[in-house]
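*Asks:* Here's a structure for you.
The values are calculated or read from the model by the stated rules, or taken from the named source; none is laboratory data. Computed from a prediction, not measured in an experiment: that's the story for all the values here. Virtual Cβ from ideal backbone geometry, glycine too; neighbours counted across all protein chains shown.
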Amino acid sequence: MTPVLEVKEVTVRFGGVLAVDNASVTLGAGDLIGFVGPNGAGKTTLMRVITGIIKPQHGSVWLEGRDLAGLSINQRVRAGLALAQQIVQPLRGMSVLSNVILACGSAKTVNPFKAMKSFARHAEIDTALQLLTRVGLQDVADAKPSNLPLGYLKRLEVARALALNPKLLLLDEPLAGLNQSEASALADLIRTLNQDGLSILLIEHNLREVMRICPQVYVQDLGKSLAFGEAKIIMSRPDVMKAYLGTS
């Protein structure tokens, strides 16, 4: 089967700094891979290459056999990528439900003329309500994001990403800033989404939850691919332990 995601020999330089050095990773259909590494490993840079924010000096990114070279962020989203970011930025003047409805209507906003002809929102409302139930926010659908705690906003960010009906969900440190109870609950949701068939690449520093929910991990250090494989085996390797702890 064609992989959902193929990152092939990507290199990124910022002036004299080598941020990503010939990194490669493959994610198959239905995979949940934890993307981990110490601070400064180049994880965020590689994620930005995948989403099109950064253009690499070398290498390529493929989505279900399609080379994404030359595609804008918007075009990559419409091709099947969705990103839930670490710093959540919902539209705080709108309700939780309206935030998701807007994301559900993305297909109608491809061009302004199509958007002006689209008045009915019944399908988008129904889908948004289903997604809020899926992420556990059905009871706060009418609330404003500004009145909700961070744990709820993280779930809203996931719901908005799911509204794009992605082939691949990219999660950039979704557990950051949460207490352990909130982190475990959100990690459980991520695992459930994966069990429902969604392919997920999870950047995360919370190794406890990564080890608990991710069958496989991809480790990057100093911009280079260090290890990839079964989580328990990879995280017990001396070179991986040294990268994190400075000693094996």
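*Asks:* Can you pull out the residues in segment 49-105 that are assigned to a strand (DSSP E or B) and either without any contact (Cβ under 8 Å) to a residue 24 or more places away in the chain or among the aliphatic types (A, V, I, L, M) (or both)?
*Replies:* The answer is Val61, Leu63, Arg66, Asp67, Leu81, Ala82, Leu83, Ala84.
*Asks:* May I ask you to list the residues in segment 53-78 that are surrounded by fewer than 17 Cβ atoms within 10 Å (Cβ to Cβ) and either over 24 Å from Thr11 (Cβ atoms) or not assigned by TED's automatic domain parsing to the domain that holds Asn206 (or both)?
*Replies:* Matches in segment 53-78: Asn74, Arg78.
*Asks:* Moving on. Do you know which residues across segment 132-185 are more than 21 Å from Ile213 (Cβ to Cβ), of a type in the set (D, E, K, R) and not in a helix (DSSP H, G or I)?
*Replies:* Listed by number, the residues that qualify are Asp142, Lys144.
*Asks:* Quick one: how many residues across segment 21-43 are crowded, with 17+ Cβ neighbours inside 10 Å and within 17 Å of the chain's Cα centre (by Cα)?
*Replies:* Going through segment 21-43 one residue at a time, the tally reaches 11.
*Asks:* Moving on to the next point. For segment 18-37, enumerate the residues that are among the polar types (S, T, N, Q) and under 28 Å from Gln195 (Cβ atoms).
*Replies:* Within segment 18-37, Ser24, Thr26 meet the criteria.
*Asks:* Among (1) assigned by TED's automatic domain parsing to the domain that holds Gly93; (2) at pLDDT 95 or above; (3) touching a Lys or Arg at 6+ places or on another chain (Cβ under 6 Å), which single condition is Ser118 missing?
*Replies:* With (1) assigned by TED's automatic domain parsing to the domain that holds Gly93; (2) at pLDDT 95 or above; (3) touching a Lys or Arg at 6+ places or on another chain (Cβ under 6 Å) applied to Ser118, the lone miss is (2).
*Asks:* For segment 9-46, how many residues are in a helix (DSSP H, G or I) and in contact with a strand residue (DSSP E or B) (Cβ under 6 Å, 6 or more places away or on another chain)?
*Replies:* Residues in segment 9-46 being in a helix (DSSP H, G or I) and in contact with a strand residue (DSSP E or B) (Cβ under 6 Å, 6 or more places away or on another chain): 3 in total.
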